[in-house]
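Enquirer: This structure is in structure tokens; I'll ask about it shortly.
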Amino acid sequence: MSQPQQGEKRKNDGKDRSRRRYRPDGTPVWGQKSMDGPGIWVTCVRNKEKSTVGELYDLFDSLASEMWPQQDSDKSKDEGDDDNEEDTDDDENIEAQIAKEVASMKRPRKEQRFVNCDTNTPCVVFISCKSPVDPVQLVLKHVENVMETGVSRTRFTQRLTPVSASCVANIPEIKSLCTRLLQPVLDEDPEKAYKYKVELRIRNHNTVQRMPLIEELAKCVPEKHTVDLESPELFILVEIFKSLCGISVVKDYYKLQKFNVMEIANAKNEETKFESGEGRLGERTSTP
């Protein structure tokens, strides 16, 4: 067998080094992920994926402006400064204004807070979230609004599943990510022993098996916390899609109907109709 040439050996060594990547804590990084996280997985009405993305852009931008207004206020301040400068003597500053406009055209665009990542899968949408947006807080805010008002502000969106971060869909990476996301939540109340459950959803993926993964994820949770499949207080949401895995840790998942805003809105509206009808019926039956 012929020996590899010296240049070929150096080339292969470089490839091996690029594959051998480690985090600051020493844990290895396996493979590459195909979509950016954090973000929000969305199920929607079939053949309405594009319409769903459009309505979610409007909804999420509106909520984010309320929850993280600093970014918008900074933008408005910059625009206001430009307006003040333009109020100066136009005749003296035409050349300066033209130069400013040219410079602004060359300036890179402000990064969008929400970006659609094409899944090429019916009924499934993924919206990537950029800082300072927290997808868990964003989804909770919207779900609570829908529960209170019965207004979903969307027509085709069904379930929203936030992921705080994502990784390659293999067990070592998933366990590492789960540990990193779980610890800050447990540290909020170190004395509390939670009842928890792993909520795992797998789509278009056949490498990682359900039960072995759930068993491995349970090992990431300290022993004082116990599994409860009926009435858990803490939920580890795990979404596996193709080669990507997204994870978040949430509370009140069952109470909030698994973040299915379409079902929440329908149930709230039916409840309102029933209460109104019951009141009218009571008035009629009390009349002699």
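Every number here is computed from the coordinates shown, using simple stated rules; none is lab data. Given the structure is predicted, the values throughout are model-derived calculations rather than measurements. Neighbour counts run over all protein chains shown; Cβ positions are idealised from the backbone, glycine included.
Enquirer: Mind listing whichever residues of segment 196-240 are assigned to a strand (DSSP E or B), crowded, with 17+ Cβ neighbours inside 10 Å, among the hydrophobic types (A, V, I, L, M, F, W, C) and without any contact (Cβ under 8 Å) to a residue 40 or more places away in the chain? Talk me through it step by step, then tell me what you get.
Expert: We begin by selecting, within segment 196-240, every residue assigned to a strand (DSSP E or B); these are 196-203, 226-227, 234-240.
Going one step further and asking which of them are crowded, with 17+ Cβ neighbours inside 10 Å, we end up with 196-200, 202, 234-240.
From what is left, the residues that are among the hydrophobic types (A, V, I, L, M, F, W, C) are 198, 200, 202, 234-238, 240.
Residues satisfying the conditions are ILE202, PHE235.
Enquirer: Scan segment 172-195 residue by residue and report those that are free of Cβ contacts under 8 Å to residues at least 60 places away in the same chain, farther than 12 Å from VAL238 by Cα and either assigned to a helix (DSSP H, G or I) or among the hydroxyl-bearing types (Ser, Thr, Tyr) (or both).
Expert: Of the residues in segment 172-195, the ones free of Cβ contacts under 8 Å to residues at least 60 places away in the same chain are 175, 179-180, 183-184, 186-195.
From what's left, farther than 12 Å from VAL238 by Cα: 179-180, 183-184, 186-195.
Listed by number, the residues that qualify are THR179, ARG180, GLN183, PRO184, LEU186, ASP187, TYR194.
Enquirer: Here's another thing I want to ask about it. Mind checking which residues of segment 154-196 are of a type in the set (D, E, K, R), out of contact with any His (no Cβ under 8 Å at 6 or more places or on another chain) and over 22 Å from LEU244 (Cβ atoms)?
Expert: Filtering segment 154-196 down to residues of a type in the set (D, E, K, R) leaves 155, 159, 173, 175, 180, 187-189, 191-192, 195.
From the residues that got through so far, the ones that are out of contact with any His (no Cβ under 8 Å at 6 or more places or on another chain) too are 155, 159, 173, 175, 180, 187-189, 191-192.
Within segment 154-196, ARG155, ASP187, GLU188, ASP189, GLU191, LYS192 qualify.
Enquirer: Shifting gears a bit: Could you say which residue among GLU271, GLU239 is more than 22 Å from ASP118 (Cβ to Cβ) and of a type in the set (D, E, K, R)?
Expert: Values: GLU239 fails: more than 22 Å from ASP118 (Cβ to Cβ).
The match here is GLU271.
Enquirer: So which of VAL249, VAL185 ends up being under 19 Å from the mean Cα position of the chain (by Cα), over 25 Å from VAL124 (Cα atoms) and aliphatic (A, V, I, L, M)? Quick ask: steps written out before the conclusion?
Expert: Values: VAL249 fails: over 25 Å from VAL124 (Cα atoms).
Result: VAL185 is the single residue among VAL249, VAL185 that is under 19 Å from the mean Cα position of the chain (by Cα), over 25 Å from VAL124 (Cα atoms) and aliphatic (A, V, I, L, M).
Enquirer: Give the number of residues within segment 241-261 that are buried (at least 21 other Cβ atoms within 10 Å of the Cβ) and either under 15 Å from ILE171 (Cα atoms) or small (Gly, Ala, Ser) (or both).
Expert: Going through segment 241-261 one residue at a time, the tally reaches 6.
Enquirer: Consider ARG210 carefully, then state whether it is among the charged types (D, E, K, R) and within 21 Å of the chain's Cα centre (by Cα). Before the answer, list the steps.
Expert: Numbers: among the charged types (D, E, K, R): yes; within 21 Å of the chain's Cα centre (by Cα): no.
No: the conditions fail for ARG210.
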